[in-house]
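These notes concern the structure reproduced below.
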């Protein structure tokens, strides 16, 4: 099963991997909500940590030089989301889940509107980032 998942990820464009990260974060946050509502605080924290790792990965793999103003704006959004994750974990306020999910879904929709070939061409020299993104996405499958 692992080699099938790896092969599946290797066939995806950079854009599709990023979209999967956004979808995975939303899934983890929705799972966290369910865990908290069922009284399982430990599983809630585990799901929050998974969402945090994905957002942190997205933040740390931004290419600030090549991405310019867009990368800086994404960095600001990701930093805000990371802070919201910390606040969610501390307060257990589920309204924060809705807020984060709205932002993640908006970002996902934006990336889905980009031609995957354009993203791949712009990031061909970033094989380390692609490999790291594939590792993060494989955690979600």
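The values are calculated or read from the model by the stated rules, or taken from the named source; none is laboratory data. Because the structure is a prediction, the values reported are computed rather than measured. FYI the Cβ positions are ideal-geometry reconstructions off the backbone, even for glycines, and counts take in every protein chain you see.
Restricting 73, 92 to those that are over 27 Å from residue 14 (Cα atoms) and either modelled with pLDDT of 95 or more or in contact with a helix residue (DSSP H, G or I) (Cβ under 6 Å, 6 or more places away or on another chain) (or both) reduces the list to 92. Look at residue 81 and say whether it is modelled with pLDDT of 90 or more, touching a helix residue (DSSP H, G or I) at 6+ places or on another chain (Cβ under 6 Å) and not in a helix (DSSP H, G or I). It is false that residue 81 is modelled with pLDDT of 90 or more, touching a helix residue (DSSP H, G or I) at 6+ places or on another chain (Cβ under 6 Å) and not in a helix (DSSP H, G or I).
Entry remark, region 52-79: residues being within 27 Å of residue 94 (Cβ to Cβ) and either touching a residue at least 12 places away in the same chain (Cβ under 8 Å) or surrounded by 16 or more Cβ atoms within 10 Å (Cβ to Cβ) (or both) number 13 in total.
Residue check: residue 118 meets all listed conditions (1) surrounded by 15 or more Cβ atoms within 10 Å (Cβ to Cβ); (2) at pLDDT below 95 but one, namely (1). Scanning region 13-47 for residues that are farther than 30 Å from residue 116 by Cβ and assigned to a helix (DSSP H, G or I) yields 33, 34, 35, 36, 37, 41, 42, 43, 44, 45, 46. Only residues that are surrounded by 21 or more Cβ atoms within 10 Å (Cβ to Cβ) and more than 19 Å from residue 83 (Cα to Cα) were counted across region 18-51, and they come to 3.
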